[in-house]
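The values are calculated or read from the model by the stated rules, or taken from the named source; none is laboratory data. These numbers were taken from a predicted model, which means no experiment stands behind them. When we count neighbours, we look across all protein chains shown, and the Cβ atoms used for this are built from the backbone with ideal geometry, even at glycine.
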């Protein structure tokens, strides 16, 4: 899909900033839900073990707090418990037992989900 841009038509900096703020506000409000604690942006590769570890789904973390984590992945995840392995730049990966509370398709083969972190698991094995 190619987009054509009319260089003669432009928006002011104020309109641009307002549009971006509106997008950020709407998206944040849409996914904030009933969180007790705000999440921090946190983009790292993750492996999501579902079905008791039988299936591993690759993805990325989107944001994280001490109570929850946002994920992005290419296939749907059923609601319930999973184990999320978060890759780190230095050191051992971290494993969390997570209760997936919601999963939403945002585009073709693109999903986002959110869950409550139930516990930190030992790094040696999930």
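Considering only the range 49-63, state which residues are under 15 Å from the mean Cα position of the chain (by Cα) and either free of Cβ contacts under 8 Å to residues at least 40 places away in the same chain or surrounded by fewer than 13 Cβ atoms within 10 Å (Cβ to Cβ) (or both).
Listed by number, the residues that qualify are 57, 58, 59, 60, 61, 63.
Only one of 100, 77, 117 is surrounded by 14 or more Cβ atoms within 10 Å (Cβ to Cβ), modelled with pLDDT under 95 and under 15 Å from residue 61 (Cβ atoms). Can you tell me which? Before the answer, list the steps.
On the way: 100 fails: modelled with pLDDT under 95; 77 fails: modelled with pLDDT under 95.
Every option except 117 fails the conditions.
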